[in-house]
1. Looking only at segment 179-230, which residues are in a helix (DSSP H, G or I), closer than 20 Å to G123 by Cα and of a type in the set (V, I, T)?
2. Select from segment 262-301 the residues that are of a type in the set (D, E) and modelled with pLDDT under 95 and list them in ascending order.
3. Being surrounded by fewer than 14 Cβ atoms within 10 Å (Cβ to Cβ) and in a helix (DSSP H, G or I) is the filter here; which residues of segment 1-33 pass it?
4. Show me the helices (runs of 4 or more DSSP H) entirely contained within segment 241-341 in which 2 or more residues are away from the ligand (no atom under 15 Å from the Cβ) and closer than 25 Å to I209 by Cα.
5. Kindly check whether there is at least one residue in segment 146-161 that is in a strand (DSSP E or B) and either in contact with a Leu (Cβ under 6 Å, 6 or more places away or on another chain) or within 11 Å of the ligand (Cβ to nearest atom) (or both).
6. If you go through segment 111-141, how many residues are assigned to a helix (DSSP H, G or I) and of a type in the set (A, V, I, L, M)?
7. Residues of segment 65-110 being part of a helix (DSSP H, G or I), among the basic types (K, R) and farther than 29 Å from L10 by Cα, which ones?
Amino acid sequence: MRLSDRMSRLGTETAFVVLARAKELESQGKEIIHLEIGEPDFDTPSYIIDAAVRALRGGWTHYGPSGGLPELREAIAEDMSRSRGVKVTPSQVVVTPGGKPVMFFSMLALLNDGDEIIYPNPGFPIYESVINFLGAKAVPITLWEKNHFRLDVDELSSLVTPKTRMLIINSPHNPTGSVLTWEDLQAVAELAIRNDVIVLSDEIYSRIIYDGKHYSVYSIDGMQERTIVLDGYSKTYAMTGWRLGYGVMPSELASAVAKLQTNCNSCTASFSQRAGIEALRGPRGEVDKMVQEFRKRRDVIVAGLNEIDGVSCIMPEGAFYAFPNVSRWGMKSSCLADRIMDEAGVAVLAGTSFGQCGEGYIRLSYANSVENLKRALEKLHCFFKRL
Ligand code: PLP
C-alpha cells in the first residue's frame, strides 16, 4: 500500500512505543516498573463515574453537536472565566475527544504551507509532528536547564520572522515540569501582539502545580483574540481513557474547529461530556488530594535521583515528570533509556523523545506509587553503579 507523501512527515509519541515494549517484556516474565507513560495512576473520582453511569442510563448515548453539548460549553466557559479572570462565552469553547485534537484541529484550521511555528524543545512531541505534517515550518526554541527549562524571551524574540504565525507554549511543562512566570507570559504576550502571532497555550497540567500559581497568557489584555487555550480532563481528573478535552479560542476559530470535527469524529462522546459537567461543578477535594500525593512522589523521586552519582535533577514545579540530566555518561539518551529498561527493569523515556534538545536527559513519570518509585530508585542506583 503506497501511503501519502505527508505521512512521511508525521511523527509519534514514543511513550506508547516504549509502553508496548515494556508490556512485551512483562509477557516474557520480566518485572518492569512503569515510569514511561504520562497518565495519573489514580482512579477517576467516583462522583464523575456516577455521573457517567447516570448519563448512560438516561439516554446520553447519541450524537451531540460537533462543538460540544451546550451545557458543558457553558460550564467550561464559567470555569475558564473564573480561573483565567477574563470573560469567556460558550461560543469560544469547543469540546474535543481529549486535549490533543485541539492542537491538531486548530493548527489545521490556521496554518498554511511555509508558515513558521515556534515550539518548545524539549516539548510534547505532537507539536513538531503536526507542524511538519501540515507543511508548516517547525522552529524550535530550546528550553535550557540553566533557565529552569523556561523559555528565554530574548531567544524567542530572535526567532520571530515575518513568517511566524504561531507560538506554542506549555506550562506546566511536559517533560520538564517547568512553570512560566507571570513576567514570562507578559513578555510572550507583548511579543505576540507586536508581531501579530497566535499563541497556542497548552495548559493541560494547569491544576497540577506545587509551589507557585498557574498563570495563563489568556488573562493578559489583548490576548483573548489571539490565544487558543488547550485544557482538558485527562490529567486533572485522571480521565485519560474518557477522551475529554477542550479548547478556548476566538469564536470564529471555534466554529472552524467544530466544522473539522463534523468532518472527522462528528462529536465527543455524549455521556463523557455529561460527566465532564459534574467534574467541573462537583467537589474539589479529590483533585487536591491527587496533587498532594503527586507532590509527595515528586519529593521522593527528585531526592532519590540526586543521590545517584552522575545524575542531577532540578525540582519540577508542576505536572508529574522528572527530567534528570544524565549527560555525564556521554551516552545517547535513547541508548541509555533502552538499557535502563533491559538491565534495570525500569521503563523511562529518552529526553530525545521530546526533540533533539532533550539529548542528555531522560524523563521519568512519577505517576506511580511511592513504594514503586523507591524500588525504581534502588534499581537505578544499582544500574548507574554498574555502568
Ligand atoms: N498536552 C500535553 C503537554 C500532554 O502531555 C498531553 C498528554 O500527554 C496532552 C496535551 C494530550 O492530552 P489528552 O490525553 O487529553 O489528549
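1. V188, V217
2. Once the filter is applied, which keeps residues that are of a type in the set (D, E) and modelled with pLDDT under 95, segment 262-301 yields E286, D288.
3. Residues satisfying the conditions are D5, R6, M7, S8, F16, V17, A20, K23, E24, S27.
4. Because the criterion is at least 2 residues that are away from the ligand (no atom under 15 Å from the Cβ) and closer than 25 Å to I209 by Cα, the helices (runs of 4 or more DSSP H) in segment 241-341 that meet it are 270-281, 285-306.
5. There is no residue in segment 146-161 that is in a strand (DSSP E or B) and either in contact with a Leu (Cβ under 6 Å, 6 or more places away or on another chain) or within 11 Å of the ligand (Cβ to nearest atom) (or both).
6. The qualifying residues number 3.
7. Correct list: R73, R82, R84.
The rows are residues; the columns are (1) under 23 Å from G282 (Cβ atoms); (2) within 16 Å of the ligand (Cβ to nearest atom).
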| residue | (1), (2) |
| --- | --- |
| L25 | no, no |
| G29 | no, no |
| L35 | no, yes |
| P40 | yes, yes |
| L56 | yes, no |
| G59 | yes, no |
| P65 | no, no |
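The values are calculated or read from the model by the stated rules, or taken from the named source; none is laboratory data. Note that the structure is predicted; figures quoted are calculated from it, not measured. Don't worry about glycine lacking a Cβ; one is built from the backbone with ideal geometry, like all the others, and counts go over all protein chains shown.
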